[in-house]
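Throughout, read-outs are computed from the coordinates displayed, never taken from laboratory work. Just so it is clear, the structure is predicted and the values come from calculations on it, not from any experiment. Virtual Cβ from ideal backbone geometry, glycine too; neighbours counted across all protein chains shown.
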Amino acid sequence: MLIKKSLHSRISDVDLKNLSFGAELSDHMFYCAYRKGSWQTPKIRPLESLSLSPAASVFHYGQAVFEGMKAYKDENDEVFLFRPQDNIKRLNRSAERLNMPSFPEDIFLEGLSKLVDIDRHWIPQGYGHALYIRPFMIANEPKILASSSREFLFMIICTPVGAYYSQPLRIKIEQEYSRATQGGVGFTKAAGNYASAFYPTRLANEQSYDQVLWTNSPTHDRIEESGTMNAFFRIGDQLITPALSDKILGGVTRKSLIELASHERIEVQERELTVAELVENLEKGLVKEAFGAGTAVVVCPYKIIGYQGKDFSLPQIADDQSFGLRLKNRLMEIQYNRSEDLFGWRKHVRSYVAVS
Ligand SMILES: *Cc1c(COP(=O)(O)O)cnc(C)c1O
C-alpha cells in the first residue's frame, strides 16, 4: 500500500461542532484501480478530484455501488469501527450483481484502518458524532458501448458528521412507485436504486411526508423498507421487520438490532408484513411504535403513517418504554466503547507511525 500524506490539513477550516451531513471531506482518500483483470497497488493519498473520460461507463450505464459505515471515537480518543467485515461482504455482493469485480477483504480492512487512522483528527469528539465513511466502486472504462466495463475504481472517502437528532418522521405507504423488484437489485447498494427513489420521495414530500414506506411491486400490499432504512414495527410487544429477500437491503443496523433484541428478551419476528395487517393494527391502535434502522441515525422513530390519504398517528411512547430507543442505546454504547463488546462487533483502529 502506498501512502502519501497531505502537507496541510484542511481541518482548521472546518467547524467540527457545527457539521452538516457530508459537507466536508477529510484530508485523505483510499484509491485502487482495476485494470486488465486485477487490482493495482492500493493507495492512500491527499483528497483530490478525479479526472475521467466523459465516456466512462459509470456516467452512461450507472455501474456503481457504494457502502455506508462510521468510525467512532470514545472518551479517551480511541477509535473504533463497527462490524466492517459486513460492509465489505455486502459491497462485494452488490458488485457481483452489477457485474463488477470483488474487492479483496483484507486490503479493504487494512486500507480502511490506515485511512481512518491517518484522518483520526477528523473524527469529532462526542457521543453521537462520528466519521461517516463512504466506500464505493465505479466503472471507468471509456466506452459508449452498452456492455460491462472492464476497468473500475474502488475508493473510500470520509466526512465528519454531528450527532444527528432525528425528529419523528411522517411516512407514507407507497401505492404507485417501487424501489425494488423480484430478481432485481433491491438487496444491493447500487447507485441507481437511490436515483430512482428521489422522485417518489419528492412527491411524498410535497404531500407533507418525510419518507416513503416502500411496498412490493406490483401489488403494493406488503411492506418492504422505509426510505433508505430497514423498517421495524412494534405491534403489541412484538417487533416485526420484513424478512430479507432480493428486494430488501440487509442492513448491518437491522441485523445488530435483531441480535440485541433477542439479548434483551424482546421478541422479534422477521417475516412478511402485509399492508392490510399493518393498517388493521394502526386502526385498532395496536402499533405502539415504528422506526427505521440504518447507520446514519441508528433508529429513526415515526410519528405518522399515511395510507391512501389517511394519516395514522402513532402514540407518544415514554423513553423508558420504547424498544427502539432501548435498542439504539445498547447499540451506541457498543459503538462508542461504553459497554462490553459482548458480540465482538467493535474493531479498534490502532495508531501507526505513518509513513509519508
Ligand atoms: C444502507 C441501507 C440500509 C441500512 O443499512 P445499514 O447497514 O444498517 O446502514 C437499509 N436500506 C437501504 C435501502 C439502504 O441503502
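Checked against the criterion of being aliphatic (A, V, I, L, M), surrounded by 16 or more Cβ atoms within 10 Å (Cβ to Cβ) and in contact with a helix residue (DSSP H, G or I) (Cβ under 6 Å, 6 or more places away or on another chain), the candidates Ile118, Ile123, Ile88 yield just one match: Ile88.
Matching residues to (1) hydroxyl-bearing (Ser, Thr, Tyr); (2) part of a strand (DSSP E or B); (3) touching a residue at least 40 places away in the same chain (Cβ under 8 Å):
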| residue | (1), (2), (3) |
| --- | --- |
| Asn281 | no, no, yes |
| Lys288 | no, yes, yes |
| Pro301 | no, yes, yes |
| Asp311 | no, yes, yes |
| Ile317 | no, no, no |
| Leu331 | no, no, yes |
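Please work out which one of (1) of a type in the set (A, V, I, L, M, F, W, C); (2) crowded, with 20+ Cβ neighbours inside 10 Å; (3) under 28 Å from Ala195 (Cα atoms) is the condition Ile304 fails and give its number. It is condition (2) that Ile304 fails. For the stretch 308-336, the set of residues classified as under 17 Å from Asp210 (Cβ atoms) and surrounded by 18 or more Cβ atoms within 10 Å (Cβ to Cβ) consists of Phe312, Leu314, Gly324, listed by residue number. Annotation note: of Lys17, Lys70, the sole residue that is under 25 Å from Arg120 (Cβ atoms), surrounded by 16 or more Cβ atoms within 10 Å (Cβ to Cβ) and touching a residue at least 40 places away in the same chain (Cβ under 8 Å) is Lys70. As a summary of the residue check, Val297 satisfies the conditions (1) within 13 Å of Leu213 (Cβ to Cβ); (2) in contact (Cβ under 8 Å) with a residue 40 or more places away in the chain except for the one numbered (1).
Within the stretch 72-90, the residues that satisfy the criterion of being in contact with a Pro (Cβ under 9 Å, 6 or more places away or on another chain) and more than 10 Å from the ligand (Cβ to nearest atom) are Lys73, Ile88.
Listed by position, the strands (runs of 3 or more DSSP E) enclosed by the stretch 150-235 include none that has at least 3 residues that are among the aromatic types (Phe, Trp, Tyr), within 16 Å of the ligand (Cβ to nearest atom) and in contact with a helix residue (DSSP H, G or I) (Cβ under 8 Å, 6 or more places away or on another chain). Checked against the criteria, Leu249 counts as under 16 Å from the mean Cα position of the chain (by Cα), within 13 Å of the ligand (Cβ to nearest atom) and crowded, with 19+ Cβ neighbours inside 10 Å. Screening His263 with (1) away from the ligand (no atom under 16 Å from the Cβ); (2) buried (at least 23 other Cβ atoms within 10 Å of the Cβ); (3) touching a residue at least 60 places away in the same chain (Cβ under 8 Å) gives one miss only, at (2). Here Lys4 meets the list (1) touching a residue at least 24 places away in the same chain (Cβ under 8 Å); (2) in contact with a Ser or Thr (Cβ under 8 Å, 6 or more places away or on another chain); (3) within 29 Å of Leu257 (Cα to Cα); (4) of a type outside the set (A, V, I, L, M) almost entirely, failing just condition (3).
Checked against (1) more than 13 Å from the ligand (Cβ to nearest atom); (2) of a type outside the set (Ser, Thr, Tyr); (3) within 23 Å of Gln175 (Cα to Cα), Leu244 passes all but condition (1).
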